[in-house]
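As structure tokens, the structure follows; a few thoughts come after it.
The values are calculated or read from the model by the stated rules, or taken from the named source; none is laboratory data. The structure presented is a predicted model; accordingly, all values stated were derived computationally and were not measured. Don't worry about glycine lacking a Cβ; one is built from the backbone with ideal geometry, like all the others, and counts go over all protein chains shown. SASA here: full protein model, heavy atoms, side chains in, ligands and nucleic acids out. Shrake-Rupley method; radii C 1.70, N 1.55, O 1.52, S 1.80 Å.
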Amino acid sequence: MALFPSLPEPARLGDLLGAHPAHAGPLLAHTEGVMRAGAPLTASQCELIAAYVSGLNACAFCLGSHRIYAEALGVSPGLIDALLENPQTADVDAEMRPLLAYIRKLNALPSRLTSADADAVFAAGWDEAALYHAIQVCALFNLFNRLVEGAGVDFSYAASGEKPTADDLSSSYADFAKRLGV
């Protein structure tokens, strides 16, 4: 249920951002930089982390929408749910496992991260730039999860039966900002 009276039922992220355009443009520009700027992680890895963090935070809107994007970009269907159910048994690439373990701990207990957590990521072949990129995705989706939950954005692709279009899936966050006029 939308918590802001100006939002329709069901509320979409575009409804919230469109109602607050002064802040939406910079936020989506930052999102484009983190999620699509060709940094060390691929777009599918970023979307996997976004959906995983959103699931850990019980943000149904972001989990549902970023699961769709992650799977459209090649993440195996069911992987995100398997990670949320039991990250130790989920069929995830050996390279991604320590990175996702780091993200899980960062999301829940950031003050308890140790050099051993980072060392496990580095031992899997990631460098400092990749770990920093993953941290940015985690931080960004903590922000989005709070925006969405705080305003009551509650649209669900699964409940609506609506599917994103090919244009939606191939577009960037910058394109989304343009469509909103921000």
Residue list for the stretch 50-73, filter: closer than 21 Å to W126 by Cβ and open to solvent by 60 Å² or more (accessible area, probe 1.4 Å)
L73
Hey, does the stretch 121-139 have a residue that's aromatic (F, W, Y), modelled with pLDDT of 90 or more, part of a helix (DSSP H, G or I) and open to solvent by 60 Å² or more (accessible area, probe 1.4 Å)?
yes
Just the residues that are under 17 Å from the mean Cα position of the chain (by Cα) and either more than 12 Å from L180 (Cβ to Cβ) or of a type in the set (G, A, S) (or both), please, taken from the stretch 1-32.
G14, A24, A29, H30, T31, E32
What's the total number of residues in the stretch 68-77 that are outside any helix (DSSP H, G or I) and touching a Leu at 6+ places or on another chain (Cβ under 7 Å)?
1
For the stretch 78-94, give me each residue that is part of a loop (DSSP other than H, G, I, E, B) and either more than 19 Å from the chain's Cα centre (by Cα) or not hydrophobic (A, V, I, L, M, F, W, C) (or both).
G78, N86, P87, Q88, T89, D91, D93, A94
When you check P110 against the structure, is it surrounded by fewer than 15 Cβ atoms within 10 Å (Cβ to Cβ), without any contact (Cβ under 8 Å) to a residue 40 or more places away in the chain and closer than 24 Å to Y157 by Cβ, yes or no?
no
Hey, A39 in contact with a His (Cβ under 7 Å, 6 or more places away or on another chain), of a type outside the set (K, R) and over 24 Å from A158 (Cβ atoms) or not:
yes
Just the residues that are outside any loop (DSSP other than H, G, I, E, B) and open to solvent by less than 20 Å² (accessible area, probe 1.4 Å), please, taken from the stretch 26-49.
L28, T31, V34, M35, C46, E47, L48, I49
Index of the failed condition, Y157 passing every other in (1) at pLDDT below 85; (2) closer than 22 Å to M1 by Cβ; (3) loosely packed, with under 14 Cβ neighbours inside 10 Å:
(3)
Residue check, A101 surrounded by fewer than 20 Cβ atoms within 10 Å (Cβ to Cβ) and touching an Asp or Glu at 6+ places or on another chain (Cβ under 8 Å)
yes
Hey, does the stretch 70-92 have a residue that's in contact with a Cys (Cβ under 7 Å, 6 or more places away or on another chain), at pLDDT 95 or above and of a type in the set (G, A, S)?
no
